Amino acid sequence: MGLRNFLIEGVSGTGKTTVAEELQRRGYHVLHGDRELKYRGDPKTGEPLEEPAHASAKDKVSWQHTHLVWDADKVRSVIADHSFPVSFFCGGCRNSDHFIDLLDGVFVLKVDDIETIHRRLDERVAIDPTDFGGRPEEKELVARLHRTEEDMPNNAIVIDATAPLEAVVDEILKEAAKRSLGR
């Protein structure tokens, strides 16, 4: 993957995919974790799991969130490949503790007000009705994660994701360069 590797995280609607696409447009190597690495599994063992029957839509959304994991062996393998000077993993998973110590930094995209996040989710779902964030129970989960920050990795560098896209990406690249020089 890269001589330097970074994770870009954040709750749904903060702009991870948009930032990833802008990094790619600028020529950086990006791995869309939520597209290329995810599956439903046990966050402790990585063992794939069959989704159980759920008592409610809210239970289903909660279970899916809790069991969204990335293939940690593949992440480690990609990190070990030094074909690119800098690489970015974009997305979120519940088992990042299996590889986060191998990364040079973690950026968390943050939006202070939940209304902005809900508007972004609505815009996304208007384009693709199957995308996450359109159903009330999905918005409720996003609101809780936003409020509690329970999924925020320790020692993350918080990036204001309400700034224009170019400024958000510039800030990530500036912070990534600092960490690359300090190594």
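Observations on the model:
- When each of 59, 81, 101 is tested for being open to solvent by 60 Å² or more (accessible area, probe 1.4 Å) and closer than 22 Å to residue 137 by Cα, the lone residue that passes is 59.
- Complete set of residues in segment 119-144 that are assigned to a helix (DSSP H, G or I), crowded, with 17+ Cβ neighbours inside 10 Å and either within 14 Å of the chain's Cα centre (by Cα) or not hydrophobic (A, V, I, L, M, F, W, C) (or both): 120, 124, 138, 139, 142
- Those residues of segment 11-52 which are under 18 Å from residue 95 (Cα atoms) and without any contact (Cβ under 8 Å) to a residue 24 or more places away in the chain, in sequence order: 36, 45, 47, 48, 49, 50, 51
- Matching residues in segment 145-180 - criterion: being β-branched (Val, Ile, Thr) and either open to solvent by 30 Å² or more (accessible area, probe 1.4 Å) or closer than 15 Å to residue 64 by Cβ (or both): 148, 158, 162
- Some residue of segment 33-53 being part of a helix (DSSP H, G or I), open to solvent by less than 40 Å² (accessible area, probe 1.4 Å), more than 23 Å from residue 133 (Cβ to Cβ) and touching a Gly at 6+ places or on another chain (Cβ under 7 Å): no
- Here residue 94 fulfils each of the conditions (1) out of contact with any Pro (no Cβ under 7 Å at 6 or more places or on another chain); (2) at pLDDT 95 or above apart from (1).
- Test: residue 20 is out of contact with any Pro (no Cβ under 8 Å at 6 or more places or on another chain) and part of a loop (DSSP other than H, G, I, E, B): no
The values are calculated or read from the model by the stated rules, or taken from the named source; none is laboratory data. Keep in mind that what you see is a predicted model, and the values were worked out from it rather than measured. Backbone-built Cβ (ideal geometry, glycine too); neighbour counts: all protein chains shown. All accessible areas refer to the heavy atoms of the entire protein, side chains included, with ligands and DNA or RNA removed. Shrake-Rupley method; radii C 1.70, N 1.55, O 1.52, S 1.80 Å.
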